[in-house]
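Right, one structure below, let's go through it.
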Amino acid sequence: MTDFRKLAGKDINELIPYKPGKPVKELERELGISEAIKLASNENSLGVPELAKKAVIEHLDEMNFYPYGDAFYLRRKLSSLLEVNPDRLLFGTGSNEIIELLIRTFAKKGDSILSYFPSFSVYGIIAKAAGIECKWIKVKDDFYVDFDKIKENMDEKVRIVFLANPNNPTGTYISAEQLEDFMEFVNENTIVVLDEAYVEYVDAHDFPNTFRLINKYKNLISMRTFSKAYGLAGFRVGYAIGDKEAIDMLNRVRQPFNVNMAGQIAAEAALDDKDFLRKSIKNNREGKKYLYTEFKKLGLKYVETQANFILVNVGDGEKIFNKLLREGVIVRFLGEALKEYIRVTIGTPEQNKIFIDKLNKVLGGTQ
Ligand SMILES: Cc1ncc(COP(=O)(O)O)c(C=O)c1O
């Protein structure tokens, strides 16, 4: 009999698959309700930008063709908006694919990658599948990055350092000064990847100016996405900005038609929908303020966020997560290491209010 476990090998057997949030419709079906809300995956609660919808519909008749292999129009628009040379941009099926391309291109068996913990688990999953160790360096008690500890753990085997900034699931950030200090420390043959999936939401004044830094440090790569503030998570489009030679190497590994046609068209149109982006950022800022106030009223400690989600201490995260689920509110429980917490995506004002009412109820207060 075919032994698939044996064929896959030790590393694959040891992998714990990424667990996505439950679909809203599925929860509604299970509970027999009609108005469940999903605040679990840091998606954009304002929906899809109108200009993106319109553009995709207009181009439906072209879906018999393969997508533009080099994301021609999207690349042209983005390069002009960001004022970076087109050959410094790489597009992927979400930034998830770019993480995979980075690891496959620049890390080999016996090398390691490094990130901090807790952070985006996908770095470790992709590395392990390729037989590459991921060193997870615990954050400080306040959830901020411990650069002293990271420096202690840097050795010649570390090929890529993934720094989610802002970080998921904590919402904390690395300042310009911390990043520059680390870039001065790090060996030029170690690639530092700034995963800036939530960068559009940042309020902090001392947040790094990525464009200045990627021009200064050849080994620094920034990774961004259309999944969050641009409202296109389902279309799966992300991109990286880096040194021309780094992008050239990544392009050699990339599948020719990796970013689908609908995604390219939607992303290009979303870049024109400035109003949607503005509204998304404003909604997030106001929602954050509202949720902070309500958490304070409920006596709950939370981590101040630079992103579109908040990590909040509810005592018993798993219990509250399950109780909220039964009330039709999907949030995220993050496992043993963060067992007192849930992570909630900032929603529309209506969704935030429902979440707070239900949270109050499941915590034992009155609705
Ligand atoms: C820190 C971080 N990086 C990357 C991603 C992946 O985004 P994408 O949808 O572009 O693959 C996420 C998604 O939640 C994230 O939180």
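The values are calculated or read from the model by the stated rules, or taken from the named source; none is laboratory data. In this text, all values refer to a predicted model and were calculated from it rather than measured experimentally. Note that each Cβ is placed from the backbone with ideal geometry, even for glycine, and that neighbours are counted across all protein chains shown. Surface accessibility is based on the protein's heavy atoms, side chains included, excluding ligands, DNA and RNA. Shrake-Rupley method; radii C 1.70, N 1.55, O 1.52, S 1.80 Å.
Among the residues of region 1-15, which ones are free of Cβ contacts under 8 Å to residues at least 12 places away in the same chain, touching a helix residue (DSSP H, G or I) at 6+ places or on another chain (Cβ under 8 Å) and not polar (S, T, N, Q)?
5
In the set 19, 25, 53, which member is part of a loop (DSSP other than H, G, I, E, B), open to solvent by 60 Å² or more (accessible area, probe 1.4 Å) and among the charged types (D, E, K, R)?
19
Residues in region 200-236 that are touching a Pro at 6+ places or on another chain (Cβ under 7 Å) and away from the ligand (no atom under 12 Å from the Cβ): how many?
The total comes to 1.
Just checking, which of 353, 319, 339, 296 is open to solvent by 70 Å² or more (accessible area, probe 1.4 Å) and within 24 Å of the chain's Cα centre (by Cα)?
The conditions single out 339.
When the residues of region 115-133 are filtered to those that are outside any loop (DSSP other than H, G, I, E, B) and over 24 Å from residue 252 (Cα atoms), which remaining residue is farthest from the ligand (Cβ to nearest atom)?
The extreme case among them is 117.
Just to be sure I understand, how many residues within region 243-257 are within 16 Å of the ligand (Cβ to nearest atom), touching a strand residue (DSSP E or B) at 6+ places or on another chain (Cβ under 8 Å) and outside any helix (DSSP H, G or I)?
1
For region 125-148: of the residues being over 21 Å from residue 343 (Cα atoms) and open to solvent by 60 Å² or more (accessible area, probe 1.4 Å), which is nearest to the chain's Cα centre (by Cα)?
133
For region 322-367, give me each residue that is under 24 Å from residue 143 (Cα atoms), part of a loop (DSSP other than H, G, I, E, B) and among the hydrophobic types (A, V, I, L, M, F, W, C).
Result: 331, 333, 334, 346.
Suppose we keep only residues that are among the aliphatic types (A, V, I, L, M) and outside any strand (DSSP E or B) within region 299-316. Which one would you say is least open to solvent (accessible area, probe 1.4 Å)?
That would be 307.
Scanning region 326-336 for residues that are under 12 Å from residue 36 (Cα atoms) and crowded, with 21+ Cβ neighbours inside 10 Å, which turns out nearest to the chain's Cα centre (by Cα)?
Within region 326-336, the match that is nearest to the chain's Cα centre (by Cα) is 331.
Go through region 97-119 residue by residue and tally those that are surrounded by fewer than 20 Cβ atoms within 10 Å (Cβ to Cβ) and modelled with pLDDT of 95 or more.
Matching residues across region 97-119 total 5.
Could you identify the single residue in 77, 38 that is touching a helix residue (DSSP H, G or I) at 6+ places or on another chain (Cβ under 7 Å), open to solvent by less than 70 Å² (accessible area, probe 1.4 Å), within 16 Å of the ligand (Cβ to nearest atom) and farther than 30 Å from residue 190 by Cβ?
One residue alone meets the criteria, 38.
Does at least one position in region 59-69 carry a residue that is more than 16 Å from the ligand (Cβ to nearest atom), surrounded by 19 or more Cβ atoms within 10 Å (Cβ to Cβ) and either modelled with pLDDT of 95 or more or part of a helix (DSSP H, G or I) (or both)?
yes
Read through the list (1) over 14 Å from residue 268 (Cα atoms); (2) within 16 Å of the ligand (Cβ to nearest atom); (3) not in a helix (DSSP H, G or I), then give the number of the only condition that residue 48 fails.
Residue 48 satisfies all of (1) over 14 Å from residue 268 (Cα atoms); (2) within 16 Å of the ligand (Cβ to nearest atom); (3) not in a helix (DSSP H, G or I) except (1).
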